[in-house]
Amino acid sequence: MATVENIRKAYTDFVLSEGKQPPSVHIFAKENNIPEDEFYRFFSSFDAIEQNTWTGFAVKTIVEIKNQEVWAQYTAREKALSFFYSFFEVLKSNRSFVIYTVTKQPKPFATPQIFKGIKDLFDIFCNDIIVEGIESNELSERKFFSNRYKDALWVQLVFLLHFWINDTSTGFEKTDEAIEKAVNVTFDLFQRSPIDNLVEYGRFLATNGRIKQSMGFGNN
């Protein structure tokens, strides 16, 4: 009887050997002794297999990092770093499949359908840690911008994915360095800065016009 796992494995073996998808579901099912209707019990298409595989990478990563004893003590920044490092560790054992699926996407890299599942999970994960960071005052809450923080982290994930695919350093040590720099600079932007103080001061002055006038400002 067909299972998600053996269909996914047979598909992965085929695309990595042939460099392309099977000609049809019928041919694929026949060559793997899987009744065609069994295939459609689990997947609607070959792209659905790829989407399921990528979503699985994210699920595996999130389960692993949240099972760490120190997880509850991590800051939002540390939780993000933990996800990024762990995610690329998961990808290492699937590097050939990752390269195959990513390099066949149209350019520029947007968010193709096969990445929808992983992006949805990533958005939920990031939103949770960002809310925690704002509540703990680790991160700055900015009107109209706070809800876009997760998008900035997705951009970094896409960038790092391409960086990792092209990384030829031993043990992908350059990717580890890039992760540290990318996540840290992004979270630096999320934190409170002198610009935030200046904006708040401007708002204060704007809403206290009478006091301003009594001090001799704004009369000309």
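Structure notes:
- Loop chymotrypsin sites (Phe, Trp or Tyr not before Pro), the range 129-162 (other Cβ atoms within 10 Å of the site Cβ: 10 or fewer; DSSP): F144
- Of the listed residues L160, L121, the order by accessible area with a 1.4 Å probe, largest first, is L121, L160.
- Stretching T103 away from D151 to a fully extended chain increases their span by 15.1 nm, per 0.36 nm per residue minus the current alpha-carbon distance.
- Using a probe of 1.4 Å on the protein chains alone, the accessible area found for K20 is around 120 Å².
- FRET efficiency, 1/(1 + (r/R0)^6) with R0 22 Å, evaluated for D13 and S44 via beta carbons: 0.60
- Computed extension length for K174-D123: 15.8 nm, one decimal, from 0.36 nm per residue of separation with the Cα-Cα distance subtracted.
- Nearest-10 value in Å² for the accessible area of I134, using the 1.4 Å probe: 40
- Each residue was assigned an accessible area with a 1.4 Å probe, and for S44 the value is about 90 Å².
- From the alpha carbon centroid of the range 50-75 to that of the range 103-149 is 15 Å.
- Difference of contour (0.36 nm per residue) and Cα-Cα distance, N94 to K181: 28.9 nm
- Taking all protein chains together and a 1.4 Å probe, the residues E69, E141, E38 rank E69, E141, E38 from largest to smallest accessible area.
The values are calculated or read from the model by the stated rules, or taken from the named source; none is laboratory data. It should be emphasised that the depicted structure is a prediction, and the values quoted were computed from it without experimental measurement. Virtual Cβ from ideal backbone geometry, glycine too; neighbours counted across all protein chains shown. The accessibility values were calculated without ligands, DNA or RNA, using every heavy atom of the protein model including side chains. Shrake-Rupley method; radii C 1.70, N 1.55, O 1.52, S 1.80 Å.
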